[in-house]
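A.B. asks: Here it is: the structure, laid out below.
The values are calculated or read from the model by the stated rules, or taken from the named source; none is laboratory data. Please read all numbers here as calculations on a predicted model, not as lab measurements. Cβ atoms come from the backbone with ideal geometry, glycine included; neighbour counts cover every protein chain shown.
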Amino acid sequence: MLGAGADIVGDAALVASILESKGKALDFDTCLAHPDMMKSLVVLGKILGPKKLMPNPKARACAAPPSGSACAAALPSQGPVT
């Protein structure tokens, strides 16, 4: 994902650090997730939701594997990722 233009890539450790900081450690403006991570992200709903950062499969912010089209939709200034 870093090669696809992501600035931050994380798993349970990133979720834990966001929870621990109560959202003050958010250093991103778009969140894409693999469907397997959605169960972990549910606990962040009250933090990510109000900031409109919660990944949503209907908005193509949840893809398996994260596809170029999802990245392009979330980061239109970057264009399609190949």
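A.B. asks: What is the one condition in (1) touching a Ser or Thr at 6+ places or on another chain (Cβ under 9 Å); (2) modelled with pLDDT of 80 or more; (3) aliphatic (A, V, I, L, M) that VAL81 does not satisfy?
C.D. replies: For VAL81, the exception is condition (2).
A.B. asks: With the structure loaded, tell me whether ALA16 is at pLDDT below 80 and either over 17 Å from ASN56 (Cα atoms) or under 11 Å from the mean Cα position of the chain (by Cα) (or both) or whether it fails that test.
C.D. replies: When the stated conditions are applied, ALA16 does not pass them.
A.B. asks: Right, here's the next one. Any residue at all in segment 56-76 that is out of contact with any Phe, Trp or Tyr (no Cβ under 6 Å at 6 or more places or on another chain), part of a helix (DSSP H, G or I), modelled with pLDDT of 85 or more and surrounded by 13 or more Cβ atoms within 10 Å (Cβ to Cβ)?
C.D. replies: no
A.B. asks: Hey, another quick one. Looking for something modelled with pLDDT under 80, in a loop (DSSP other than H, G, I, E, B) and either at negative phi or of a type in the set (Gly, Ala, Ser) (or both) - is there at least one such residue anywhere in segment 33-55?
C.D. replies: Checking segment 33-55: not a single residue is modelled with pLDDT under 80, in a loop (DSSP other than H, G, I, E, B) and either at negative phi or of a type in the set (Gly, Ala, Ser) (or both).
A.B. asks: Also: Spot the failing condition for LYS24; the list is (1) within 11 Å of the chain's Cα centre (by Cα); (2) assigned to a loop (DSSP other than H, G, I, E, B), and only one is missed.
C.D. replies: (1)
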